[in-house]
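> I have a structure here, written as structure tokens, and I will follow up with some questions on it.
Nothing in this text is a laboratory measurement; each read-out follows from the coordinates by a stated rule. Being a predicted model, the structure only gives us computed values, none of them experimental. Here the Cβ positions follow ideal geometry from the backbone for every residue, glycine too, while neighbour counts run over all protein chains shown.
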Amino acid sequence: MHEFSLMQSVLDTVEASARDAGAERVTVIKLVIGEMSEVVEEAMEFAFEALSPQTLSAGAALEMRIVRPRSRCAACGQEFEHDRYHRACPHCGSLACELIAGRELYIDAIEIEN
Ligand SMILES: [Zn+2]
């Protein structure tokens, strides 16, 4: 489960930002997760519950926004959304498509209490 190491680095980053801002605690953590990143939401929740006690993020709400994969077709130039397994261009059928979204994994925002 790579979610544990991911969540650890999320919590480290949040902790540093919250301390810089003089926060007493973190109330909300918003993450953006691309569907192609293979991150499982339930595993992230589980890792959060396991790792967040003893940090400023203890008890915070974890909000995850899932980004659908998008690709651009190298043959016809169209951009299209697809799922994790189907990446052929729906316009011309080409498989020469470049992933332009869906691998995101970042902290969008945090909310804190001073
Ligand atoms: Zn195409």
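> Antiparallel DSSP bridges in the chain: what percent, to the nearest 5?
Counting DSSP beta bridges with both partners in the chain, the antiparallel share is about 70 percent.
> Under the rule of at least 5 residues apart or a separate chain, name every residue whose amide H is placed under 5 Å from the amide H of Leu105.
When sequence neighbours closer than 5 places are left aside, the close amide H contacts are Gly34.
> Between helix 41-51 and the chain, what is the angle of the helix's C-alpha long axis to the longest principal axis, kept within 0 to 90° and rounded to the nearest 10?
The answer is roughly 20 degrees.
> Further question: Relative to the longest principal Cα axis of the chain, at what angle does helix 3-20 sit, 0 to 90 degrees, rounded to 10?
Between helix and principal axis, roughly 50 degrees.
> Taking the Cβ of each residue in Val32, Val39 as the centre, tally the other Cβ atoms inside 10 Å and list the residues starting with the fewest.
The order, fewest Cβ neighbours first, is Val32, Val39.
> Tell me, rounded to the nearest percent, the portion of alpha carbon pairs in segment 40-84 spaced more than 11 Å apart.
Summing the P(r) tail past 11 Å for segment 40-84 gives 74 percent.
> Which one, Phe48, Gly102, Val26, is farthest towards the positive end of the dipole of the chain when Lys and Arg carry +1 and Asp and Glu -1 on their Cβ?
Gly102
> Can you give me the C-alpha center-to-center distance between segment 96-114 and segment 1-58, rounded to a whole angstrom?
13
> Sticking with this one: What's the local net charge at Leu99, with K and R +1, D and E -1, over the other residues with C-beta under 15 Å away?
-1
> Nothing charged except the Cβ atoms of Lys and Arg (+1) and of Asp and Glu (-1): what's the magnitude of the dipole of segment 13-114 about its Cα centre? Round to the nearest 20 debye.
The dipole of segment 13-114 has a size of about 440 debye.
> Where in segment 23-53 does the amide nitrogen come within less than 12 Å of the point 7 Å from the Cα of Glu63, taken along Cα to Cβ?
Residues passing the 12 Å test: 27-32.
> Please report Tyr106, Tyr85 as a ranked list, fewest other C-beta atoms within 10 angstrom at the top and most at the bottom.
The most exposed by this proxy come first: Tyr85, Tyr106.
> Hey, could you get me the Stokes-Einstein D for the chain, Kirkwood radius over alpha-carbon pairs, 20 °C and 1.002 mPa s, rounded to whole µm² s⁻¹?
Here the translational diffusion coefficient equals 138 µm²/s.
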